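See below for the structure under consideration.
The values are calculated or read from the model by the stated rules, or taken from the named source; none is laboratory data. Small disclaimer: the values here were computed from a predicted structure and weren't measured. All Cβ positions, even for glycine, are placed from backbone atoms using ideal geometry, and neighbour counts span all protein chains on display. Quick note on the areas: whole protein, heavy atoms, side chains included, nothing else; ligands and nucleic acids left out. Shrake-Rupley method; radii C 1.70, N 1.55, O 1.52, S 1.80 Å.
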Amino acid sequence: MKKFALGAIALALPLAAAAAPESYTIDPNHTYAYFEVEHLGVSLQRGRFERTSGKFTLDHAAKSGSVELSVETASVSSGDNVKGNRPRTLDDHLKTADFFNVAEFPRMSFKSTGVKFAGDNPSEIAGQLTLLGVTKPFTLKVDRWVCKDNPMSKKPMCGGNASASLKRTEFGMKYGVPAIGDEVRLWVSIEGYRD
């Protein structure tokens, strides 16, 4: 009987290990947060943040996971960074208290509270977004998700794209509304390597 019990435990150990959550560290060279906002009712202006860090976990067997992202607000980039004869660039203005107030709030962050799966992959990530010191519920819709070995380094990786919208005035960013739109569309391109 003891041999049978030991054999059953030995068989179960690999299955338990396979079902354990896997931790990943964000690759900052391939993870970016992008935004889009209407400008003067004419065009949609886009930008991104150049520095993002964080971690995520995945448990495919349990259909669960978690995400923590930190975005450095001073890394905002609109493509307008040459001052010329103007008093400031758009990138300079975006860093002021009118928008991201990077001196007082150097980071915005997202921390998940739950992950929904569709089949084997995450499809929706609910959580809390903190921007300008205000924290509100925020849900990212996962548009694509892939896990595989990096074809060059052979290291296990996962990543994809997620999107959501928010009203910036709900976080206290009221400058220019309505000429500059209140609704901001966000995208995140994320890649991470297994720890």
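At-a-glance table
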read-out: Options (i) 26, 24, 13; (ii) 26, 19, 17; (iii) 41, 17, 14 - which one matches semi-axes √(5λ) of the Cα gyration tensor in Å as calculated here; value: (iii)
read-out: Computed accessible area, ASP182, all protein chains, 1.4 angstrom probe, square angstrom; value: 40
read-out: Cβ-defined net charge surrounding LEU132, 15 Å radius [Lys, Arg +1; Asp, Glu -1]; value: +1
read-out: Distant-in-sequence amide H partners of LEU186 (H built 1.01 Å from N, under 5 Å); value: ALA164, SER165, LEU166
read-out: Vicinal HN-Hα couplings computed from phi for segment 169-177 (Karplus, 6.51 cos²θ - 1.76 cosθ + 1.60; Hz; Gly/Pro x); value: 5, 5, 9, x, 8, 9, 4, x, 6
read-out: Per-selection Kirkwood Rh - segment 49-125 (Cα, Å, 1 d.p.); value: 14.8
read-out: Cut-off under 5 Å, modelled amide H: who pairs with SER64 long-range; value: ASP59
read-out: Surface per residue (accessible, 1.4 Å probe) for segment 21-194, Å²; value: 54
read-out: Most to least accessible of MET152, MET173 (protein chains only, probe 1.4 Å); value: MET152, MET173
read-out: With DNA, RNA and ligands ignored, accessible area of TYR193 (1.4 Å probe; Å², nearest 10); value: 50
read-out: Solvent accessible area, Å² - TRP145, 1.4 Å probe, full protein context; value: 40
read-out: Cross-link table LYS116/LYS154; LYS116/LYS148; LYS63/LYS111; LYS111/LYS141; LYS55/LYS136, entries beyond 24 Å C-alpha to C-alpha; value: LYS116/LYS154
read-out: Percent carbon-and-sulfur accessible area, segment 21-194, ignoring ligands, DNA and RNA, probe 1.4 Å; value: 52
read-out: Sequence-distant residues sharing a close amide H with ASN101 (under 5 Å, placed H); value: THR96
read-out: Selected from ALA74, ALA126, ALA97 as most flexible by GNM, with the chain as the system and alpha-carbon contacts under 10 Å; value: ALA97
read-out: Rounded to whole Hz, the Karplus (6.51, -1.76, 1.60) HN-Hα couplings of segment 67-80, x for glycine and proline; value: 9, 9, 10, 10, 10, 7, 5, 5, 8, 4, 9, 9, x, 9
